[in-house]
1. Quick check on my filter: what residues within region 161-207 are under 15 Å from the mean Cα position of the chain (by Cα) and either farther than 26 Å from Ile41 by Cα or aromatic (Phe, Trp, Tyr) (or both)?
2. Give me the pairs: first residue in region 63-85 and without any contact (Cβ under 8 Å) to a residue 60 or more places away in the chain, second residue outside any loop (DSSP other than H, G, I, E, B) and among the hydroxyl-bearing types (Ser, Thr, Tyr), beta-carbon distance under 8 Å, and six or more apart or on different chains, which are they?
3. Against the definition (out of contact with any helix residue (DSSP H, G or I) (no Cβ under 7 Å at 6 or more places or on another chain), more than 22 Å from Gly54 (Cα to Cα) and surrounded by fewer than 13 Cβ atoms within 10 Å (Cβ to Cβ)), how does Gly114 come out, yes or no?
4. What is the number of the single condition among (1) under 30 Å from Leu83 (Cα atoms); (2) crowded, with 18+ Cβ neighbours inside 10 Å that Pro154 does not meet?
5. Residue check: is Arg147 basic (Lys, Arg) and free of Cβ contacts under 8 Å to residues at least 24 places away in the same chain?
6. Being in a helix (DSSP H, G or I) and modelled with pLDDT under 85 narrows it down to one residue among Val92, Val81, Val111; which is it?
7. May I ask you to verify whether Leu199 is touching a residue at least 24 places away in the same chain (Cβ under 8 Å) and closer than 23 Å to Arg69 by Cβ?
Amino acid sequence: MRQPADRLEPPGDMDGEDERPPRRDWRETLAAAADFALLGIAVTVVSLGVLTLGGALATGSAAAAHWCRYRSMPPLRELAVTLLRALAGGAVATLVAVLGAGLLGTDVVLVARGRVPGGPVLLVLSIVVASQVAGLAGLVLVGVGERGGTGWRPAARWAVRAAFAAPLAPTALAGTLAVAVAVGTLVPVTAPVVLGFALFAIQVVARRLLPDELAALRS
């Protein structure tokens, strides 16, 4: 028997939380997949300037964060403004990232070739450290995206605090990025598309593991 109209429950729960969004049908899912595929291609094209890599990734992360909040991509004009604002800070971040990756990569190669004492134990330790640094870099990128594509230093400080609050977060993000790199390496033609989905995936993982930290970052 149906409830009388005056006894129908209001949408949402009694604590005032937002009503859950309706289930997405296959057309919406396909549209979202197309959005992130195009995002990855656009980020790849902009990144061809090398020093524009950081700004392109920051803009892509901001777009992914916007989609996670509103289930839609920001307007193209807004993305263009975000990119212009992100280029300077992104260039510095690119240089820092390349230097750090070069140092870590050199260390792993030297240990693997036996040029540095320590053997397999040190090699495993070096790989673990490198993966955690990659995961922490993913957290920084999430933080930059939440801040609208700028603020690399505050995002880096937030990422360190978030890593201490949820130690598994860098590992989870490192695993997510490793899968994306593996797919892009095995099937190079898919690399730009995979990049777009990777930007989305790290946002989703961070939201699952760090909801309170992300809320504090946005406040």
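The values are calculated or read from the model by the stated rules, or taken from the named source; none is laboratory data. What you see is a predicted model, and the numbers here were worked out from it, not measured in a lab. All Cβ positions, even for glycine, are placed from backbone atoms using ideal geometry, and neighbour counts span all protein chains on display.
1. Across region 161-207, the qualifying residues are Ala162, Ala163, Ala169, Thr171, Phe197, Phe200.
2. Pro74/Thr82; Leu79/Thr59
3. Working: out of contact with any helix residue (DSSP H, G or I) (no Cβ under 7 Å at 6 or more places or on another chain): yes; more than 22 Å from Gly54 (Cα to Cα): yes; surrounded by fewer than 13 Cβ atoms within 10 Å (Cβ to Cβ): yes.
The answer is yes for Gly114.
4. Status for Pro154: all satisfied but (2).
5. Details: basic (Lys, Arg): yes; free of Cβ contacts under 8 Å to residues at least 24 places away in the same chain: no.
No: the conditions fail for Arg147.
6. None of the other options fit; the residue is Val111.
7. Working: touching a residue at least 24 places away in the same chain (Cβ under 8 Å): yes; closer than 23 Å to Arg69 by Cβ: yes.
Criteria met by Leu199.
Here is a yes/no grid of residues against (1) in contact with a helix residue (DSSP H, G or I) (Cβ under 9 Å, 6 or more places away or on another chain); (2) hydrophobic (A, V, I, L, M, F, W, C); (3) closer than 25 Å to Gly105 by Cβ:
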residue	(1), (2), (3)
Val129	yes, yes, yes
Arg153	yes, no, yes
Ala172	yes, yes, yes
Leu177	yes, yes, yes
Val204	yes, yes, no
Leu210	yes, yes, no
